[in-house]
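Enquirer: Have a look at this one.
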Amino acid sequence: MPKKGISFIMFSGTADKFIPLGVLTQSAVNLEMPVSIFVTGWAITAFTKGGKEKVNRMPKEFEDMAPMLVQGLKDIKAPSWYEMLKEAKEIGDVKVYLCSMMSQALKIDTKNGLDPIVDDVVGAAAFLQMSEGNDKVMI
């Protein structure tokens, strides 16, 4: 019997959300859980070509702590959120979907402008149907 999967809904474009996305995705595939990720809102720009390098902004309430976190991650040699996600896709069942409505609203070139880590562009209803039965987590 296949394991129950988990679906992450990524809507924020700040670094404090991308780090847990990478960690939780890797953890899930290490537990042999299928993972689906729906990217919408401001998070969508991180999944365009060159977008992953722009994920460095922290929310205002954490700006004073950001240098400590960045240094701590370097000290423990933690991979970037993108590296964690890429590795998880290589070893497990991980799919990354971009929200079609937000892609259109932000005028994202979904034919040539997406990072290769993206599997498809789908609507919210299609994503919910594809991930039916999965636990859903908002990040």
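The values are calculated or read from the model by the stated rules, or taken from the named source; none is laboratory data. The structure presented is a predicted model; accordingly, all values stated were derived computationally and were not measured. Positions of Cβ are generated from backbone atoms using ideal geometry, with glycine treated the same way; all protein chains shown enter the neighbour counts.
Enquirer: Residues of the stretch 120-139 being more than 13 Å from Phe11 (Cβ to Cβ) and in a loop (DSSP other than H, G, I, E, B), which ones? Break it down stepwise before answering.
Expert: Applying the first criterion (more than 13 Å from Phe11 (Cβ to Cβ)) to the stretch 120-139 yields 120-123, 125-126, 128-135.
Listed by number, the residues that qualify are Gly123, Ser131, Glu132, Gly133, Asn134.
Enquirer: Here are some conditions: (1) at pLDDT 95 or above; (2) farther than 18 Å from Met102 by Cα. Phe38 meets all but one. Which one does it not meet?
Expert: So Phe38 meets the others, but not (2).
Enquirer: Any residue at all in the stretch 7-25 that is surrounded by fewer than 18 Cβ atoms within 10 Å (Cβ to Cβ), free of Cβ contacts under 8 Å to residues at least 40 places away in the same chain and under 28 Å from Leu128 (Cα atoms)?
Expert: No, the stretch 7-25 contains no residue that is surrounded by fewer than 18 Cβ atoms within 10 Å (Cβ to Cβ), free of Cβ contacts under 8 Å to residues at least 40 places away in the same chain and under 28 Å from Leu128 (Cα atoms).
Enquirer: Would you pick out the residues in the stretch 44-84 that are among the β-branched types (Val, Ile, Thr) and touching a residue at least 24 places away in the same chain (Cβ under 8 Å)?
Expert: In the first step, residues of the stretch 44-84 are kept if they are among the β-branched types (Val, Ile, Thr); the result is 44-45, 48, 55, 70, 76.
Across the stretch 44-84, the qualifying residues are Ile44, Thr45, Thr48, Val55.
Quick grid of which residues meet (1) closer than 20 Å to Leu31 by Cβ; (2) hydrophobic (A, V, I, L, M, F, W, C):
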{"residue": "Gly72", "(1), (2)": "no, no"}
{"residue": "Asp75", "(1), (2)": "no, no"}
{"residue": "Tyr82", "(1), (2)": "no, no"}
{"residue": "Asn112", "(1), (2)": "no, no"}
{"residue": "Val122", "(1), (2)": "no, yes"}
{"residue": "Gln129", "(1), (2)": "no, no"}
{"residue": "Asn134", "(1), (2)": "yes, no"}
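Enquirer: Please verify whether the stretch 43-62 includes one or more residues that are buried (at least 17 other Cβ atoms within 10 Å of the Cβ), farther than 20 Å from Gly5 by Cα and polar (S, T, N, Q).
Expert: So far as the stretch 43-62 goes, yes, one or more of its residues are buried (at least 17 other Cβ atoms within 10 Å of the Cβ), farther than 20 Å from Gly5 by Cα and polar (S, T, N, Q).
Enquirer: Could you list, in sequence order, all residues of the stretch 85-107 that are among the hydrophobic types (A, V, I, L, M, F, W, C) and either surrounded by fewer than 20 Cβ atoms within 10 Å (Cβ to Cβ) or free of Cβ contacts under 8 Å to residues at least 12 places away in the same chain (or both)? Outline the logic, then answer.
Expert: Residues of the stretch 85-107 that are among the hydrophobic types (A, V, I, L, M, F, W, C), as a first pass: 85, 88, 91, 94, 96, 98-99, 101-102, 105-106.
Answer for the stretch 85-107, where residues must be among the hydrophobic types (A, V, I, L, M, F, W, C) and either surrounded by fewer than 20 Cβ atoms within 10 Å (Cβ to Cβ) or free of Cβ contacts under 8 Å to residues at least 12 places away in the same chain (or both): Ile91, Met101, Met102, Ala105, Leu106.
Enquirer: Taking the stated definitions as given, is Met130 surrounded by fewer than 12 Cβ atoms within 10 Å (Cβ to Cβ), among the hydrophobic types (A, V, I, L, M, F, W, C), in contact (Cβ under 8 Å) with a residue 60 or more places away in the chain and within 20 Å of Lys4 (Cβ to Cβ)?
Expert: Values: surrounded by fewer than 12 Cβ atoms within 10 Å (Cβ to Cβ): no; among the hydrophobic types (A, V, I, L, M, F, W, C): yes; in contact (Cβ under 8 Å) with a residue 60 or more places away in the chain: yes; within 20 Å of Lys4 (Cβ to Cβ): yes.
Answer is no for this residue.
Enquirer: Based on what the data block shows, is Thr40 of a type outside the set (Gly, Ala, Ser) and closer than 19 Å to Lys136 by Cα?
Expert: Working: of a type outside the set (Gly, Ala, Ser): yes; closer than 19 Å to Lys136 by Cα: yes.
So Thr40 fits the description; yes.
Enquirer: Assuming Phe38 fulfils every condition listed in (1) out of contact with any strand residue (DSSP E or B) (no Cβ under 9 Å at 6 or more places or on another chain); (2) in contact (Cβ under 8 Å) with a residue 24 or more places away in the chain apart from one, which condition is it?
Expert: In the conditions (1) out of contact with any strand residue (DSSP E or B) (no Cβ under 9 Å at 6 or more places or on another chain); (2) in contact (Cβ under 8 Å) with a residue 24 or more places away in the chain, Phe38 misses (1) alone.
Enquirer: If you don't mind, another one. Counting just the residues of the stretch 1-35 that are small (Gly, Ala, Ser) and closer than 22 Å to Ser100 by Cβ, which one comes out modelled with the lowest pLDDT?
Expert: Among those that are small (Gly, Ala, Ser) and closer than 22 Å to Ser100 by Cβ, it is Gly13.
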